[in-house]
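Reviewing the structure listed below.
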2 protein chains.
Amino acid sequence: MTPALIALDWGTSSLRGFLMDASGAVLDSRASPHGITNLPGPAPEGFDLAFEALCGAWLQADPTLPVAAGGMIGSSQGWREAPYVACPADLQRLASQAVSVITRQGVELLIAPGVLADPPGGTPDVIRGEEIQIAGALAQQPSLAARGHFLMPGTHSKWVAVEGGRITRFATYMTGELFAVLRQHSLLGRLMPAGEEGHPDEAAAAFTRGLQLARDSHPGDLTRQIFAARSLGLTKQMAPAVLKDFLSGLLIGHELVSGLAAAGRDTALALIGDPALCERYATGLAALGAAPPRRLGNTAPAGLFHFARAAGLLATARKMTP
Amino acid sequence: MTPALIALDWGTSSLRGFLMDASGAVLDSRASPHGITNLPGPAPEGFDLAFEALCGAWLQADPTLPVAAGGMIGSSQGWREAPYVACPADLQRLASQAVSVITRQGVELLIAPGVLADPPGGTPDVIRGEEIQIAGALAQQPSLAARGHFLMPGTHSKWVAVEGGRITRFATYMTGELFAVLRQHSLLGRLMPAGEEGHPDEAAAAFTRGLQLARDSHPGDLTRQIFAARSLGLTKQMAPAVLKDFLSGLLIGHELVSGLAAAGRDTALALIGDPALCERYATGLAALGAAPPRRLGNTAPAGLFHFARAAGLLATARKMTP
């Protein structure tokens with residue numbers, strides 16, 4: 001029950017802190033909206049202000065607590081850039097390439113790097129923050145470490161392959177952002193009433209119709225199929241309130257078709273993320289005939305704990321408290 | 001040389017008028033920015049104002065001139081809705097289903113309907129204005145009437161199949177709009193410097209790389225591949241100024257892959273539209289190994305002329321001028 005670590009999941013739009021003991025149990029947690037694009041003051045002081053507001057009380061009680069952080073805080077727009085490490089990457093590699101920043105109050109913050117995949121003949125891809133969630137997931141589900149695929153849906157969905165405990169490759173799908181910009185900024189959104197939800201059965205049917213179109217699609221069909229989110233409305237074949245569900249099913253379906261093909265159908269799939277969104281993805285996977293995925297909760301705290309341990313932060317902390 | 005018809009190509013963002021003789025030759029033309037979403041006053045008077053500003057002098061010289069119009073002016077947001085006619089559709093069908101509106105000065109304006117494709121088991125699609133361009137193209141290139149495919153690139157690209165002189169099916173690709181919203185409203189645009197053009201060779205190489213990714217893509221890959229327009233910039237593998245060319249090649253490539261598969265590789269393809277954009281599409285077609293398309297200029301005036309003749313407007317005009 002003695003605090004041994006402060007772990008920070010510091011992203012673009014939010015900051016979450018966890019006070020953990022030496023076994024990795026979460027003793028206390030706090031959250032603030034001070035993601036790196038929403039600091040309480042101009043950088044770099046804004047980072048100090050956000051950090052002190054979240055962790056001040058914890059550090060007052062024990063100023064020797066080590067602090068580990070992951071996520072966009074290590075990006076080029078973050079407090080200090082932690083350059084990407086190349087695939088294949090494991091926890092030891094992440095820990096050895098971490099960078100640290102000293103706060104204005106003299107606290108050392110260790111920041112995890114992101115990971116770069118740059119396959120020959122392909123295009124590069126990057127993750128930052130997801131590698132920490134994976135580390136936590138592998139700690140919780142060691143059976144996935146041998147060979148597994150992690151799907152983290154969101155604004156930018158990440159599909160991450162793990163083999164032999166190492167991240168070997170991954171891909172980013174802009175599904176969530178594409179849905180948002182099409183709805184807010186394209187002609188498709190004009191027929192979609194803002195804030196109105198359709199009847200749940202109708203919404204589910206529209207979502208399924210989008211999934212089916214994706215399942216039956218040929219290369220290049222997406223930019224044609226999204227127009228159906230307008231023409232189905234124009235011709236009154238689909239209620240305006242569920243056109244967004246159709247578009248969601250279509251975009252998620254395309255991601256799943258491509259992601260499953262790349263992952264290999266026999267690979268164990270685990271879903272990490274917002275429960276409502278994971279539910280939509282699980283529905284989509286079922287519609288495509290994929291095996292039910294495992295579902296994991298928030299694995300970031302466990303991942304930060306194991307990252308800190310791999311970096312030797314917990315040993316150091318124990319040494320410093322007599 | 002005697003005026004016999006006023007033909008109006010009245011779209012969303014512009015209005016173009018053509019004064020034509022009884023042989024279809026254009027005697028005079030005028031254009032205004034008064035598309036249906038940019039009228040000089042509130043509807044319906046705004047339509048009258050736009051019409052009078054463009055055609056007033058022509059009608060003053062000959063108040064008996066018939067007037068034919070096509071495009072979004074016949075949509076539900078237009079002056080009067082000309083409901084879609086179903087595929088297969090030919091000029092006679094368009095003429096017989098036209099609607100008319102009487103201006104406040106008593107002039108009758110005949111508006112062409114759009115066309116609806118609603119294949120069993122598929123999703124509906126619509127065109128409005130393109131059917132007029134096709135009518136003009138078929139008048140100019142009768143050999144395409146037996147069996148041809150028309151590609152009209154733009155905000156919403158249209159691929160229209162013609163068999164036996166009739167529009168039999170078509171598809172809309174949201175390529176241009178998708179490019180615009182991704183560039184203006186998504187994270188991808190953040191790395192693209194506004195208004196900056198890359199070196200022409202670099203831009204061409206980036207465009208080609210996008211085309212190649214599209215050519216080699218599997219179903220569902222697009223939302224993953226567009227993220228490369230960020231990761232190639234982040235990793236400095238592509239200059240920021242040409243990331244937009246990469247994205248353009250990728251999106252046009254996806255449209256071409258899908259459209260060519262649907263059209264059939266042996267079908268004669270004709271490009272209609274803005275010359276610079278048609279040039280990009282022709283480059284894309286060549287990269288995908290397709291036969292060089294025919295290129296047609298602005299076929300809307302000829303299409304409106306033949307629409308008016310099919311509707312009997314020219315005969316009427318001749319009768320009214322003694």
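Over 10 Å intervals from 0, what percent of Cα-Cα pairs in segment B:174-291 sits in each interval?
Distribution as computed: 14, 47, 31, 7, 0 percent.
Give the nm distances, rounded to one decimal, from residue A:154 to the matching residue in every other copy, measuring between label points 7 Å along Cα toward the beta carbon; shortest first.
In ascending order, 4.0 nm.
Which residues belonging to segment B:177-199 lose at least 30 Å² of 1.4 Å-probe accessible area when the assembly is complete, relative to their chain isolated?
Residues of segment B:177-199 that lose at least 30 Å² of accessible area once the other chains are added: B:177, B:178, B:181, B:185, B:187.
Probe radius 1.4 Å, ligands and nucleic acids left out: can you give me the accessible area buried at the B-A interface, summed over both chains, in Å² to the nearest hundred? Kindly include the intermediate steps, with their values, before the conclusion.
On the way: alone 14880 and 14900 Å², together 26090 Å².
The buried area between B and A, both sides summed, comes to about 3700 Å².
Along Cα-to-Cβ, 7 Å out, sits the label point; list in nm, shortest first, how far the one on residue B:291 is from those in the other copies.
Residue B:291 label point versus its equivalents elsewhere: 4.9 nm.
Out of the DSSP beta bridges found with both residues in the protein assembly as shown, what percent are antiparallel (nearest 5)? Before the final figure, lay out each step's value.
Working: 68 of 98 bridges.
Rounded to the nearest five, the antiparallel share is 70 percent.
Using θ = phi - 60° and the Karplus form 6.51 cos²θ - 1.76 cosθ + 1.60, what ³J(HN,Hα) does each residue of segment B:30-40 get, whole Hz, x for Gly and Pro?
For segment B:30-40, the Karplus curve yields 9, 9, 9, x, 7, x, 5, 9, 9, 6, x Hz.
Amide H neighbours of residue B:27 under 5 Å, counting only residues 5+ apart in sequence or on other chains, H built in-plane at 1.01 Å?
The list, which skips near neighbours in sequence, is B:19, B:20, B:21.
With all protein chains present, calculate the accessible area of residue A:51 using a 1.4 Å probe and round the result to the nearest 10 Å².
0 Å²
Given the Cα atoms of segment A:1-124, and with Rh set as the inverse mean 1/r over their pairs in the Kirkwood sense, what is Rg to Rh to two decimals?
On the way: Rg = 15.1 Å, Rh = 15.1 Å.
Rg/Rh: 1.00.
In whole Å, how far is the Cα centre of segment A:1-74 from that of segment B:68-84?
Spelled out, the Cα-based centre of one part sits 59 Å from the other.
At a 1.4 Å probe radius, carbon and sulfur cover how many percent of the accessible area of segment A:1-45? Before the final figure, lay out each step's value.
On the way: 1170 of 2180 Å².
The computed percentage sits at 54.
Which residues among segment A:92-136 fall inside the zone where the amide N is under 14 Å from a point 7 Å beyond the Cα of residue A:45, along Cα→Cβ?
Counting backbone N atoms under 14 Å from the label point, the list is A:104-105.
Could you work out how far helix B:175-185 tilts from the main Cα principal axis of chain B, as a 0 to 90 degree angle to the nearest 10?
Helix B:175-185 and the main axis of chain B meet at about 60 degrees.
Taking only Cα atoms and a 10 Å spring cutoff, compute GNM fluctuations for chain B and point out the largest among B:68, B:276, B:311.
Of B:68, B:276, B:311, the most mobile in the Gaussian network model is B:276.
Could I get the Rg over Rh figure for the protein assembly as shown? Both from C-alpha atoms, Rh via Kirkwood, rounded to two places.
We get a ratio of 1.08 for the protein assembly as shown.
Tilt of helix B:130-140 relative to the longest C-alpha principal axis of chain B, in degrees (0 to 90, nearest 10)?
Tilt relative to chain B: about 80 degrees.
So for chain A, averaging the separation of alpha carbon pairs under 8 Å that are six or more residues apart and normalising by length, what relative contact order in percent results?
Numbers: 628 pairs, mean separation 57.9, N = 322.
After rounding, I find 18 percent.
Which of the pairs A:158/A:236; A:236/B:244; A:244/B:158 have their Cα atoms more than 32 Å apart in this structure?
Numbers: A:158/A:236 35 Å; A:236/B:244 36 Å; A:244/B:158 23 Å.
Table pairs above 32 Å Cα-Cα are A:158/A:236; A:236/B:244.
What does the charge add up to near residue A:3, with Lys and Arg as +1, Asp and Glu as -1, over the other residues with Cβ less than 10 Å from its Cβ?
Working: positive: none; negative: A:21, A:28, A:62.
Residues close to residue A:3 contribute a combined charge of -3.
In whole percent, and with a 1.4 Å probe on the protein chains, what portion of the accessible area of segment A:174-291 is carbon and sulfur?
Numbers: 2470 of 4540 Å².
Roughly 54 percent of what the probe reaches on segment A:174-291 is carbon or sulfur.
Among B:181, B:107, B:257, determine the one that fluctuates most according to a GNM of chain B built with springs between C-alpha atoms less than 10 Å apart.
Greatest mean-square fluctuation among the candidates belongs to B:181.
Solvent-accessible area per residue for the protein assembly as shown at a 1.4 Å probe radius, Å²? Please report the intermediate quantities before stating the final value.
On the way: 26090 Å² over 644 residues.
Per-residue value: 41 Å².
Per residue of segment B:13-28, what does 6.51 cos²θ - 1.76 cosθ + 1.60 with θ = phi - 60° give for ³J(HN,Hα)? Whole Hz please, x for Gly and Pro, Karplus curve as stated.
10, 7, 10, 10, x, 10, 9, 10, 8, 5, 9, x, 6, 7, 8, 7
Please compute the net charge surrounding residue B:250, taking Lys and Arg as +1 and Asp and Glu as -1 over other residues with Cβ under 14 Å from its Cβ. Walk me through the numbers before you get to the answer.
On the way: positive: B:183, B:209, B:215, B:224, B:230, B:244, B:280; negative: B:216, B:221, B:245, B:255.
Every neighbour counted, the sum reads +3.
Please state the charge dipole magnitude for segment B:174-291, taken about the Cα centre, from unit charges on C-beta atoms (+1 on K and R, -1 on D and E), reported in debye and rounded to the nearest 20.
380 debye
Please determine, in degrees from 0 to 90 and to the nearest 10, the orientation of helix B:243-263 with respect to the longest principal axis defined by the Cα atoms of chain B, where the helix direction is its Cα long axis.
The two axes meet at around 70 degrees.
Residues with beta-carbon under 15 Å from that of residue A:196, excluding residue A:196: net charge, scoring Lys, Arg +1 and Asp, Glu -1? Display every interim value, and only then the final one.
Working: positive: A:183, A:190, A:244; negative: A:197, A:202, A:245.
The answer is 0.
For chain A, set up a GNM with springs between Cα atoms under 10 Å and report which of A:240, A:120, A:63 has the largest fluctuation.
Top of the fluctuation ranking is A:120.
Any idea what % of Cα-Cα pairs in chain A are farther than 38 Å? Spell out each step's value before the answer.
On the way: 11251 of 51681 pairs.
I get 22 percent for the Cα pairs in chain A exceeding 38 Å.
Nearest 5 percent is fine: what portion of the DSSP beta bridges confined to chain A is antiparallel? Don't skip to the answer; put the middle values down first.
Details: 34 of 49 bridges.
Roughly 70 percent of the beta bridges in chain A run antiparallel, per DSSP.
How many angstrom lie between the C-alpha centres of segment A:120-188 and segment B:208-268?
If you average the Cα positions of each part, the centres end up 21 Å apart.
The values are calculated or read from the model by the stated rules, or taken from the named source; none is laboratory data. It should be emphasised that the depicted structure is a prediction, and the values quoted were computed from it without experimental measurement. For neighbour counting, all protein chains shown are included, and Cβ atoms are generated from backbone atoms with ideal geometry for every residue, glycine included. To get the accessible areas, we keep the full protein, side chains included, count just its heavy atoms, and leave off ligands, DNA and RNA. Shrake-Rupley method; radii C 1.70, N 1.55, O 1.52, S 1.80 Å.
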